[in-house]
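Down below is the structure, laid out as C-alpha cells.
The values are calculated or read from the model by the stated rules, or taken from the named source; none is laboratory data. Note that the coordinates shown come from a computational prediction; the quantities given were computed from them, not determined experimentally. Don't worry about glycine lacking a Cβ; one is built from the backbone with ideal geometry, like all the others, and counts go over all protein chains shown.
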Amino acid sequence: MLKSLHRSTAIRLIAPLGFAFLVFLLLAGFAAFLLIQGELDARMRRQLEQTFAVITQSYAESDLTDLTELVRSHAAATAQEERVFLLRDGKGQKLAGNIDQAQVDAGWSVVPGSVLGLDADDGYQIYSGQVYDIELTVGASFEETDAVGAIVLNSLGLAGLAFTILIVIAALVIALRGQRRIDAIAATMHQVGRGELTSRIALRGNHDDLDDLSIQINQALDRLAGLVEGMRQVSVDIAHDLKTPLNRLSFTVQNAIDDDDAGKPVASLLQQAQDETRQINTTFDALLRIAQIESGARRARFKPMAILPVLETLYDAYEEVAREHGQTLVFTAAPLPPIVGDRDLLTQLFANLIENAIRHCPPGTRITLAVAAEPGQSFSISVTDTGPGIPAAERERVFQRLYRLDKSRSTPGHGLGLSLVKAIADLHGASIEIGDNHPGLHIAIRFMPEAGVTFTS
C-alpha cells in the first residue's frame with residue numbers, strides 16, 4: 001500500500017495545496033518580520049531623537065558643564081555598550097561619552113561598531129548634530145532588534161517546519177484511509193472479475209463521496225448479477241421450453257416422412273410442424289425484442305406524446321374481446337401530462353397487461369384500466385381484476401423471462417408477456433407495482449419524474 005501512495009489522489013491533491021499554504025505562511029511571516037523590524041527601527045529612532053533633544057536642552061543657557069555632566073550620566077547608565085554617546089567641542093576634542101570616535105556625517109547613519117572604535121560587530125543607529133559649536137552624537141545598538149528579528153525568523157521557520165510535518169502526516173493519514181477504501185473497492189471488483197458476482201463493497205455509512213460511489217457500484221453489481229442470473233435462467237428456460245416443441249416438431253416431421261414413404265397424406269402433419277415452428281419463432285422474436293428494448297436502442301424513437309389517447313384506443317379494442325370472454329372491461333380516465341416516450345412500446349405494454357387479465361381470468365371477472373394523477377406531475381396507470389390473482393411468493397418472479405405459473409406449460413403462451421412489460425417500463429423510467437386486489441391482481445405502472453421519465457410542459 002505504501003508503495004502506491006505516491007499515485008494516491010489524496011497525496012496529489014494535498015501536496016500542491018499544502019505547498020501553497022506553506023508558501024503563503026512563509027510570505028505572511030516574512031511580511032510580519034519586515035513590519036516588526038520597521039517598527040523597531042522607527043521606535044529606536046524616536047528614542048534617540050528624544051534622548052538628543054533632552055541632552056541638548058540643557059545647553060540652552062550655554063552651560064557646558066551641565067551638558068557634559070548629562071552626557072556622562074547617560075553614558076554611565078548604559079550597560080554593555082547598548083547605547084553610545086560622544087560630546088566633542090568645535091575642535092573635535094572629546095568632552096564626554098563612552099566612545100572615543102565617531103566617524104559619521106551629520107544626521108542619521110548606520111555604522112558598524114568598528115567605526116565607533118568598538119570591538120563589537122553589531123551595527124549601530126547613529127544620530128549626530130550640532131548644538132551651537134558643540135557636536136553631540138548619540139546611538140543605539142541593533143543587538144536588541146536583531147535578537148527580536150532572529151526570534152521572529154526562528155519562530156517562522158519552526159512554524160513552517162511544524163506545518164510541513166502536519167501536512168505530511170495529514171496527507172498520509174487521509175491517503176492511507178482513502179487507499180484502504182479504494183483497495184477494498186478494487187478487491188471487490190477483482191472478485192467480481194473472477195466470477196464472484198455476490199461480492200459487494202462494504203459501506204462506512206458516513207455518506208461521503210466514496211460511500212456514494214460504493215453504493216452506485218453495488219447497485220451496478222446487483223444489476224449485473226441480476227442480468228447474469230437472468231441470462232442463466234433464460235438459457236435454462238429456453239432449453240426447457242424449446243425442448244418439448246422441438247421434440248414434437250422432430251416427431252411430427254419423422255411421422256410425415258414415414259407417412260409419405262407409405263403413400264399416406266402428410267398435409268395435416270406438415271401443418272402441425274408449421275404451427276410448432278411458428279410458436280418457436282414467436283418465442284425467439286419476443287426474446288430478441290426484449291433484448292433490444294433493454295439495450296436502450298429504442299430510446300432514439302422517443303417523442304413527446306399523450307398517453308391518454310393510447311389507453312382510450314386500447315379500451316375500445318379490448319372491450320369487445322373481454323365481453324366475448326364473459327368479462328367486463330372498465331376504463332377510468334383522468335387528465336394526464338404528456339410525456340416523452342415510444343408510443344408503440346407503451347401501447348404494447350398496456351395491451352399485454354389487459355390481454356393477461358383476459359386470458360387468465362374466468363368469465364364474470366371485472367377488469368379495470370384506471371388512471372391516477374398525483375402531485376408533482378407523476379401518475380400511475382393500473383390494470384386490476386377480480387380473478388384468481390397471483391400468489392405473493394410468485395409476484396416478483398412473473399417478470400422473469402419464460403416464467404409461467406402453469407408449471408406443466410399446458411396453457412397457451414411463452415411466459416414473456418410480463419418480461420416485455422418490465423423491459424418497456426424500465427426503458428421509460430417507470431416502476432411496476434404488483435399486489436393483491438382482494439380478490440384478484442393489481443398491477444400499476446408508476447411514472448415518476450425523479451425516476452427518469454421526462455415530462456413535457
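Tabulated data
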quantity: Enumeration of residues in the range 376-399 that are at pLDDT 85 or above and either of a type in the set (Phe, Trp, Tyr) or in a helix (DSSP H, G or I) (or both); calculated: PHE379
quantity: Residue among LEU176, LEU158, LEU203 that is touching a residue at least 40 places away in the same chain (Cβ under 8 Å), closer than 25 Å to ILE14 by Cβ and among the hydrophobic types (A, V, I, L, M, F, W, C); calculated: LEU176
quantity: Pairs, first touching a residue at least 24 places away in the same chain (Cβ under 8 Å) in the range 207-233, second assigned to a helix (DSSP H, G or I), C-beta under 6 Å, six or more apart; calculated: LEU210/ARG181
quantity: Members of the range 130-161 that are surrounded by 16 or more Cβ atoms within 10 Å (Cβ to Cβ) and not in a helix (DSSP H, G or I); calculated: VAL131, ILE134, GLU135, LEU136, THR137, VAL138, GLY139, ALA140, SER141, PHE142
quantity: In the range 43-84, residue farthest from LEU116 (Cα to Cα) [restricted to those that are in contact (Cβ under 8 Å) with a residue 40 or more places away in the chain and not in a helix (DSSP H, G or I)]; calculated: SER62
quantity: Enumeration of residues in the range 103-129 that are part of a strand (DSSP E or B) and on the phi > 0 side of the Ramachandran plot; calculated: GLY107
quantity: Single residue of the range 273-331 satisfying the filter (among the polar types (S, T, N, Q) and part of a loop (DSSP other than H, G, I, E, B)) that is surrounded by the fewest Cβ atoms within 10 Å (Cβ to Cβ); calculated: SER295
quantity: Complete set of residues in the range 411-433 that are more than 18 Å from GLN292 (Cβ to Cβ) and either of a type in the set (S, T, N, Q) or at pLDDT below 80 (or both); calculated: THR411, PRO412, GLY413, GLY415, SER431
quantity: Positions within the range 66-80 being surrounded by 19 or more Cβ atoms within 10 Å (Cβ to Cβ) and in contact with a Leu (Cβ under 8 Å, 6 or more places away or on another chain), in sequence order; calculated: LEU67, VAL71
quantity: Hits in the range 162-207 (condition: farther than 24 Å from ARG223 by Cβ and either touching a His at 6+ places or on another chain (Cβ under 6 Å) or not in a helix (DSSP H, G or I) (or both)); calculated: ASN206
